[in-house]
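The values are calculated or read from the model by the stated rules, or taken from the named source; none is laboratory data. These numbers were taken from a predicted model, which means no experiment stands behind them. As a convention, Cβ positions derive from the backbone with ideal geometry for all residues, glycine included, and neighbour counts pool all protein chains shown. All accessible areas refer to the heavy atoms of the entire protein, side chains included, with ligands and DNA or RNA removed. Shrake-Rupley method; radii C 1.70, N 1.55, O 1.52, S 1.80 Å.
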Number of protein chains: 2
Amino acid sequence: MSLVLDPAAQDLLFREARTANTFTEEPVTEEQVQAIYDLVKFGPTAFNQSPLRVTLVRSAEARERLVQHMAEGNQAKTSTAPLVAILSADNEFHEELPQLFPHFPQAKDAFFAERPVREGSATLNAALQAAYFIIGVRAAGLAAGPMTGLDFEGVRKEFLDDDHTPLMVVNIGKPGEDAWFPRSPRLSYDEVVKTV
Amino acid sequence: MSLVLDPAAQDLLFREARTANTFTEEPVTEEQVQAIYDLVKFGPTAFNQSPLRVTLVRSAEARERLVQHMAEGNQAKTSTAPLVAILSADNEFHEELPQLFPHFPQAKDAFFAERPVREGSATLNAALQAAYFIIGVRAAGLAAGPMTGLDFEGVRKEFLDDDHTPLMVVNIGKPGEDAWFPRSPRLSYDEVVKTV
């Protein structure tokens, strides 16, 4: 046994967890989302920059506006999931750096004065945090359905602003009937890992 | 308790896990890396594209070549970590899609015929997998030290090729003396999560 993580936790987070395409009607509460965030906020990012921002789409009116920007194949599940979250990167994260990285407050100006540098760093690090968030959803006993089939510019204009880059939309809830396809194969260790 | 994940697992993966800057000399075995991969390979990616590639830098000669491309502040830890891994995105992941996404083999040509589209998708999804990998390192009872302070083009030329985009270098091992700074603050829920 090379892993020290409890096998039940391995199953919950990776082996038995699946991307759900259908959901039950059981709501996802504010308390659940807060517990997820309060766990996964500790995942590492460069300079602790923490650029992920989350927009919870809870009102029927906002849900309708979002569905219009989803690819056709994603519209039904985006309409019916108990909760839908837009995950985005804050390209102005450097404003928070003196608070987030107090032992080197110069980082804000020394490394992130230029917007293109910030955008690249924000996208990469918010993507790491998006993965932590997906793991956190699973840690709450829920299924996540991350989607990138959508009109990103439309979602940005509808829900965000020029300082935020949408990365994905995630359906969240208890899996419903026929929630997933059979598990697809993964690449073998030797196809992915090389040693030099 | 809104989370179903065992509190000890929460601590191991998020609350007590830290980015290590120093390591003991205890080696990281091939069996450990294989166990990490065999767990985190199940993390979700778009179309199951699984673009992450891992280069384990095990020889002293390769380690020296890598250290030269690291930012000065990252050189000492890259020199001394028991294991160092280069994480990259395979921009030609679509070649594997008919195997990885067998219920829609047309995805390869329908969505990923153009290289810029593939690069964007590969970088985002490999970043998700990089986060799963970091979580997996922690699941093995090890500390990860992800770094983006490096000459990416230098690392690409030295270890990869034009079809691969390096994302980060990760030091892996048991934490050593004074392995980390005090935990930096995180943004509050209300600073990160909005509801519409």
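At a glance:
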| item | result |
| --- | --- |
| Sequence of A:Ser88, A:Ser79 when ordered by accessible area, the most exposed leading, probe 1.4 angstrom | A:Ser79, A:Ser88 |
| Positions from the range B:119-139 whose accessible area shrinks by 10 Å² or more when the full protein complex is built, not the chain alone, probe 1.4 Å | B:Leu124, B:Ala127, B:Leu128, B:Ala131, B:Tyr132, B:Ile134, B:Ile135, B:Arg138, B:Ala139 |
| Stokes-Einstein D (µm²/s) once Rh is taken as the Kirkwood radius of the range A:81-139 over alpha-carbon pairs, at 10 °C in 1.306 mPa s | 123 |
| Interchain or long-range residues, amide H under 5 Å from B:Leu167's placed H | B:Leu87, B:Ser88, B:Ala89 |
| Average other protein chain Cβ within 10 Å of Cβ, residues B:9-17 | 6 |
| Interface B:A - total buried accessible surface [probe 1.4 Å, Å², rounded to 100] | 6700 |
| Gyration tensor verdict on the protein assembly as shown (Cα atoms; rounded if a/c is under 1.5, prolate if a/b is larger than b/c, oblate otherwise) | rounded |
| From the C-alpha gyration tensor of the range B:43-196, square roots of 5λ in Å | 29, 22, 14 |
| Portion, in percent, of the accessible area of the protein assembly as shown that falls on carbon or sulfur, probe 1.4 Å | 52 |
| Ascending list, in nanometres, of distances separating the B:Pro102 label from those of the other copies (7 Å, Cα toward Cβ) | 5.5 |
| Computed magnitude of the charge dipole of the protein assembly as shown (debye, nearest 20; Cβ of K, R +1, Cβ of D, E -1) | 360 |
| Accessible-area value, A:Thr165, 1.4 Å probe, nucleic acids and ligands omitted, Å² | 30 |
| Radius 11 Å from Cβ of B:Val196, net charge of other residues (Lys, Arg +1; Asp, Glu -1) | +2 |
| Efficiency of FRET from Cβ geometry, A:His103 and B:Glu30, R₀ 51 Å, rounded to 0.05 | 0.90 |
| For chain A, accessible area per residue (1.4 Å probe, heavy atoms of protein chains only), Å² | 41 |
| Nitroxide proxy distance, nm - points 7 Å out along Cα→Cβ at B:Asp6 and B:Glu177 | 3.4 |
| Choice from B:Ala126, B:Ala144, B:Ala107 showing the highest fluctuation, given a GNM over chain B with Cα pairs closer than 10 Å | B:Ala107 |
| Ascending list, in nanometres, of distances separating the A:Glu30 label from those of the other copies (7 Å, Cα toward Cβ) | 5.4 |
| Exposed-site-free run, longest, chain B (rule: GluC sites (Glu not before Pro); DSSP loop; at most 12 other C-beta within 10 Å) | B:26-113 |
| Debye, to nearest 20: dipole size of the range A:10-175, +1 on Lys, Arg Cβ, -1 on Asp, Glu Cβ | 460 |
| Within a Gaussian network of chain B (alpha carbon springs, distance under 10 Å), most fluctuating of B:Pro82, B:Pro102, B:Pro185 | B:Pro185 |
| Using a 7 Å Cα-to-Cβ projection, A:Asp11 label spacings across copies, nm, ascending | 2.4 |
| Top of A:Lys174, A:Lys157, A:Lys41 by mean-square fluctuation, Gaussian network on chain A, Cα under 10 Å | A:Lys157 |
| Cubic angstrom per residue, convex hull over Cα atoms of the range A:8-133 | 145 |
